1. Hey, among Leu211, Leu138, Leu168, which residue is at pLDDT 95 or above and not in a strand (DSSP E or B)?
2. Name the single residue, out of those in region 189-226 being aromatic (Phe, Trp, Tyr) and closer than 19 Å to Val8 by Cα, that is nearest to the chain's Cα centre (by Cα).
3. Any idea which of Ala169, Ala126, Ala133 is under 25 Å from Pro216 (Cβ atoms) and either free of Cβ contacts under 8 Å to residues at least 24 places away in the same chain or surrounded by fewer than 21 Cβ atoms within 10 Å (Cβ to Cβ) (or both)?
4. Sort out which residues of region 13-22 are surrounded by 11 or more Cβ atoms within 10 Å (Cβ to Cβ) and touching a residue at least 60 places away in the same chain (Cβ under 8 Å), and write them in order of number.
5. Select, from Gln85, Gln144, the only residue that is farther than 22 Å from Leu193 by Cβ and either of a type in the set (S, T, N, Q) or part of a strand (DSSP E or B) (or both).
6. On the basis of being closer than 22 Å to Thr26 by Cα, in contact (Cβ under 8 Å) with a residue 12 or more places away in the chain and among the aliphatic types (A, V, I, L, M), does Leu211 make the cut?
7. Residues Thr26, Thr75: which one is touching a strand residue (DSSP E or B) at 6+ places or on another chain (Cβ under 9 Å) and over 20 Å from Phe197 (Cβ atoms)?
Amino acid sequence: MKVPELQVLYEDNHLLAVAKPPGIATMGVPAGKLSLLDVAKQYVKDKYDKPGNVYLGIVSRLDAPVTGVLLIARTSKAAGRLTEQFRNGTVDKVYWAVVEGTPEIPEDTCVDWVRKDERHRKMHIAAASNPQAKEARLSYRALQEVPGGTLLEVRLETGRKHQIRLQLAHRELPIVGDRKYGATRLFDEGIALHSRFIRFQHPVLKTEIELTAKVPNCWRVFGITH
């Protein structure tokens, strides 16, 4: 099986940050399919000539159709400390999303309660009283109009499954290409949702790390190339 080339954004003994391409799952795929975790493990194995199994821990999972910055720990200590930062909300996460239409409110904070629908592998807006519901918070601002939609900058405050996709679609702003959540416009690869920027504290050195991922080539249809 051909292993795709890994686009590395940052690398040291504790961390590996990569730019995830569209169409590949982060992890948890059926036998015979490649995940990005598999590709990253092969990269580390080959580069450092490591025998046996390679430990890598995913600390910022992205949906298969989503692109951009993905943070991976190279040690269990780093994984634990980074996971704690995500849990405490001290990690700054910025996404770019191209949505169909134009938001009535150009800058807003969205607070909803969401629940999982395992049968259909999607999420739903729920009542706060639902025992299965969890709070989902994000803020967005419109950056510019693009052909067929609007480019939004989205900041995540919680990390629920499909959160950005669901919360924007709930406001009649489905992400381009996201048929699962009501989009009507097709997109060449995946959906127009990109993990643009992340800021966090290095789990060992305690320095501040900032990483930015360029949008993939398929975003050129919107006139966005950086």
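The values are calculated or read from the model by the stated rules, or taken from the named source; none is laboratory data. Computed from a predicted structure; not experimentally measured. Because the Cβ atoms are built from the backbone with ideal geometry, glycine has one as well, and the counts that use them run over all protein chains shown.
1. Values: Leu211 fails: not in a strand (DSSP E or B); Leu138 fails: not in a strand (DSSP E or B).
The unique qualifying residue is Leu168.
2. Applying the first criterion (aromatic (Phe, Trp, Tyr)) to region 189-226 yields 197, 200, 219, 222.
From what's left, closer than 19 Å to Val8 by Cα: 197, 200.
Details: Phe197: 10, Phe200: 15 Å.
Among them, the one singled out is Phe197.
3. Numbers: Ala126 fails: under 25 Å from Pro216 (Cβ atoms); Ala133 fails: under 25 Å from Pro216 (Cβ atoms).
Step by step, each of Ala169, Ala126, Ala133 is checked, and only Ala169 is under 25 Å from Pro216 (Cβ atoms) and either free of Cβ contacts under 8 Å to residues at least 24 places away in the same chain or surrounded by fewer than 21 Cβ atoms within 10 Å (Cβ to Cβ) (or both).
4. His14, Leu15, Ala17, Ala19, Lys20, Pro21, Pro22
5. Values: Gln144 fails: farther than 22 Å from Leu193 by Cβ.
Exactly one residue qualifies, and that residue is Gln85.
6. Numbers: closer than 22 Å to Thr26 by Cα: yes; in contact (Cβ under 8 Å) with a residue 12 or more places away in the chain: yes; among the aliphatic types (A, V, I, L, M): yes.
Yes.
7. Numbers: Thr26 fails: over 20 Å from Phe197 (Cβ atoms).
Going through Thr26, Thr75 in turn, just one is touching a strand residue (DSSP E or B) at 6+ places or on another chain (Cβ under 9 Å) and over 20 Å from Phe197 (Cβ atoms): Thr75.
Quick grid of which residues meet (1) among the hydrophobic types (A, V, I, L, M, F, W, C); (2) assigned to a strand (DSSP E or B); (3) in contact (Cβ under 8 Å) with a residue 40 or more places away in the chain:
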residue: Ile24; (1), (2), (3): yes, no, yes
residue: Gly32; (1), (2), (3): no, no, no
residue: Leu37; (1), (2), (3): yes, no, no
residue: Asp49; (1), (2), (3): no, no, no
residue: Gly52; (1), (2), (3): no, no, no
residue: Thr90; (1), (2), (3): no, no, yes
residue: Val114; (1), (2), (3): yes, yes, yes
